[in-house]
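The values are calculated or read from the model by the stated rules, or taken from the named source; none is laboratory data. Since the model is a prediction, treat every value here as computed from it, not as a measurement. Virtual Cβ from ideal backbone geometry, glycine too; neighbours counted across all protein chains shown.
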Amino acid sequence: MSYNHELVSLSVGAIATIGLYTILYRENKFYRFFEHLFLGLASGWALVALWTETLKVMWWDKMLGSAAADGNQAAMGYWPYVMLLPVGLLGYTVFSKKHNWLSRIPIGIILGFYSGQQFNAWTNRYIPQISGSMKSIIPTAGFFKPDPNTLNPALGPVKGDLYGSEALNNLIFVLTILCVLSYFLFSFDVKSKVIKNASLAGRWLLMIGFGAIFGTTVMMRFSLLIDRMYFIWIEFIKQGILHIK
Amino acid sequence: MELLAQLAPKTFWNAQNGSGELFIKIILGLLVSTGIVVALFKTPNQLRRWVITAVTFFSGLFYVLFWIYPTPINRQPDEAPRNVLEGFSFWLSDAQPVVADLTNIIAAFLIGLGIYSLLRVHLGRIGKQQRDWQFSVVLIAGMVIMVIFGYVDWYMRLDPANAKMAGSGYVGWTFWQFGRDLLFNGLLQNMDAGMFSIVAFYILSAAYRAFRARSVEATILLVTALIVMLSLMGLIEYFWAQGVDGMHLSNNFKLDNVARWLRANVQTPAIRGIDFGVGIGLLSMGVRLWLNLEKTGGSN
Amino acid sequence: MAITDPAANKSLGEKLQSVPKPVLYLVLFMLAAIPLFFPVKLPNKPIDASVEMFTNVMALPEGSTVLVESDWTNSTRGESMGEMEALLRILMRKKVKFVVYTIADPQAPQVSRDTIRKIADEEAKAGRYRYKPFEDYLVLGYYPNGEGTASAINNKFVSIVSGKKDWPENSAPRDVSLSPVLKGIKSVADFKYLIVVTASSTTNTVLERITKVPMMFMVTGVMVPETTTYYASGQIKGFCGGVKGVYDLETLMENGLNVEGPNKIVSEKSTEVIPGFPGMQNTGKGMAYYPSLHFALFLLILAVVTGNVGMFLAKRKGA
């Protein structure tokens, strides 16, 4: 009997998935078994990828260089890369009671690089959004904007002015963002009635944002479940066992 | 890309692959860096904070300078800098990928910290035969088996004679390839997906029990969530559109138009406002980390 | 004294609020699974962001190259794999080369290799050109420090490919700098687009550090609201979000844009006719999962409404 790898692979995957789903009934040993197996496999794979995808290519091969082979050019070896080994291993001193301060050195290097990037990161991420939030609220044409798909061609194209309906939308946009920002004024006591009411409105408007986040999050979580159902019912049972395409 | 194909010129910082000079320099480099690390072990208490502050500050200073210092425009591969100022800008530009490499390598070494921690905890549990130690055996066994199959499979694929393994149809596959595929695709990937999908049940149950219109805010959240979820359903959108199709003004009340209006004029600015707050927090945290103004607990 | 059954004294409102969890789970389980056996094309109106993404990708000239950041694994297969498959189908049919890299997860490069191979086999089976590794696409692998890598990509792209190897078909690994995919690529600006397919916040990492190439995102549902703000400010040129986004792309690939017909999809920004790929395999996970999504979302809405009706009835009885 020949080995049907695809069927075996589907079978172990289906059994593992059902084993994990037993948690929905209650905590049990099947779930704990598969949970621990998952953690073991994931950390094992992380160790494999750590060397094969990262350290070997970025550190070992660069340190030792390579000879020309299999159509690849030769590369020089850069010996300073070896100095990163003791620096990286300093991180493991976190387990020592006496020397755990040394583990902050490699962490400090990475955090230092990360925090130095924050200035550039902040400007690239938020300046376009700040400028995009400055919308015009003064209309320059009539109230209703004609629909370009149904507009009578004899009337000419839709003008580049700001129509009243668009200006109203922009006003709602600007007011929303101001109200939401006023809600986050926690550093000082707000006495003004205007800001207090804006803050209250901001809280309500924030709920609209959270409602949208909830709706799309639900879609994502259900998609993951539907995908698992597809795997079990269609890929495993229908196609794998019953051979129905 | 032609630059990479040429062998880099010989400098003090490099040597030919396999040469004695390279091995001697590597050993000397290792000795020097180990000596520095050993010296750090002997650092007096009052200097420790300054060592960490200096390391963090100079690391961050590189990227701050990289951001504010003028960058070379239309720099040609063999172009030499005209003066010291331009030379510094060339150096910053050339050093950034090396710095990214260094960060990648140090981060990779630190990932091993998590694995080491996991091993310590679970081997400890097995050694002391604590409660449910058998599951720790499963974890360690899974890790070891994955590492063995992963490395053997990777090593076999490096051999030019096994090049066909990378193609489809299991051509040239041996026990090791089938084993790795079973562990990775069969078990790991499916369990990964299974874990995440369990949340769907909890979301349904939590929404049913806790999502109540008890206040104005909760009602707004509820109504918005309902509109968004309805707008994600193409079938509902279609039937809703049939119901309001007519005069142009009423087209504004089609579900996709209502959802689009909410998205563009209320949802986007609301989330943008939250984002601005988060951004300012991140920026201030970045400054505090860079200047080591964060007061952390534990020994120094 | 007679023993009274506590359940019998429950009002309608209380009963509506106390449906047992196993019942909810079982109903969800069935509603998620049964529609999968009856795949049907449901009507769909793609959102503006999906339309713009489709327009931009379809406008790519043959032989151009795009950079793809693939930061997803099978944990989000339901959405991310559908997005990746739709993108790969368009890129392969338009004969656009692509370079794939990862900054989020060490599992991601292998997952993306498997997906690319699957779509390449599908195209070859349909009699079209079969994409070959190293000749038509590259997978650079995993880079653990995402922030540094993204900065290096923007500053000096050639540095991140230095020393990297990939496997040509039936051959030993070779230096990627020798691949025809990277011919003419000196900086990230030489790519037509950077397309990020992700299930995590690597979109922020990329947005903050890469400025020299236009970007498009393919994200999971939970990130759609945040990604919408970037789209609204013009920082990205389109995005695809969740199963709805996947189905939007599949619908556009099937029906085209502004193409006359019973299922005409009209773009509000342009009248340009984009034919799509009629007669080819365009549907995948989007079409397969969309009906089940309808039923699951409907169940959630029903559960929330039932709970609230129960709460109001119980309040009225108590008042």
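General remarks:
- Selected residue (only one of B:S93, B:S33, B:S59 is touching a helix residue (DSSP H, G or I) at 6+ places or on another chain (Cβ under 7 Å) and farther than 25 Å from C:V161 by Cα): B:S33
- A single member of A:G19, A:G91 is farther than 30 Å from B:Y202 by Cβ and among the small types (G, A, S), and it is A:G91.
- Those helices (runs of 4 or more DSSP H) of the range B:225-297 in which 2 or more residues are in contact (Cβ under 8 Å) with a residue 60 or more places away in the chain occupy B:268-290.
- Filtered residues of the range B:133-143 (kept if within 7 Å of another protein chain (Cβ to nearest Cβ) and surrounded by fewer than 17 Cβ atoms within 10 Å (Cβ to Cβ)): B:A141
- Some residue of the range C:263-272 being on the phi < 0 side of the Ramachandran plot, modelled with pLDDT under 90 and crowded, with 16+ Cβ neighbours inside 10 Å: yes
- A single member of B:S33, B:S59, B:S117, B:S89 is modelled with pLDDT under 90 and hydroxyl-bearing (S, T, Y), and it is B:S117.
- Among the candidates B:F62, B:F149, B:F109, residue that is assigned to a helix (DSSP H, G or I), touching a residue at least 24 places away in the same chain (Cβ under 8 Å) and at the interface with another protein chain (Cβ under 7 Å from one of its Cβ atoms): B:F62
- Taking the criterion of being without any contact (Cβ under 8 Å) to a residue 24 or more places away in the chain and within 7 Å of another protein chain (Cβ to nearest Cβ), the residues of the range A:186-207 that qualify are A:R203, A:W204, A:M207.
- Filter result for B:L123 (in a helix (DSSP H, G or I), touching a helix residue (DSSP H, G or I) at 6+ places or on another chain (Cβ under 6 Å) and not basic (K, R)): no
- Selection from the range C:12-33 of residues that are part of a helix (DSSP H, G or I) and either more than 9 Å from chain A (Cβ to nearest Cβ) or over 18 Å from B:S197 (Cα atoms) (or both): C:L12, C:G13, C:E14, C:K15, C:L16, C:V23, C:L24, C:L26, C:V27, C:M30, C:L31
- Considering the range A:208-240, the residues that are touching a residue at least 40 places away in the same chain (Cβ under 8 Å) and not hydrophobic (A, V, I, L, M, F, W, C) include one that is surrounded by the fewest Cβ atoms within 10 Å (Cβ to Cβ), namely A:E235.
- Residue within the range B:165-175 that is within 8 Å of another protein chain (Cβ to nearest Cβ), in a helix (DSSP H, G or I) and touching a helix residue (DSSP H, G or I) at 6+ places or on another chain (Cβ under 6 Å) present: no
- Criterion violated by A:P139 - all others in (1) facing chain B (nearest Cβ under 7 Å); (2) in contact with a helix residue (DSSP H, G or I) (Cβ under 8 Å, 6 or more places away or on another chain) satisfied: (1)
- Restricting the range B:76-93 to residues that are of a type in the set (D, E, K, R) and exposed (fewer than 14 other Cβ atoms within 10 Å of the Cβ), the residue that is farthest from C:I153 (Cα to Cα) is B:R82.
- Which numbered condition C:S292 fails, given (1) surrounded by fewer than 17 Cβ atoms within 10 Å (Cβ to Cβ); (2) within 13 Å of chain B (Cβ to nearest Cβ); (3) not aliphatic (A, V, I, L, M): (1)
Okay, residues lined up against (1) farther than 30 Å from C:T306 by Cβ; (2) buried (at least 19 other Cβ atoms within 10 Å of the Cβ); (3) hydrophobic (A, V, I, L, M, F, W, C):
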{"site": "B:D159", "(1), (2), (3)": "yes, no, no"}
{"site": "B:G172", "(1), (2), (3)": "yes, no, no"}
{"site": "B:R180", "(1), (2), (3)": "yes, yes, no"}
{"site": "B:F184", "(1), (2), (3)": "yes, yes, yes"}
{"site": "B:I220", "(1), (2), (3)": "no, yes, yes"}
{"site": "B:G234", "(1), (2), (3)": "no, yes, no"}
{"site": "B:L249", "(1), (2), (3)": "yes, no, yes"}
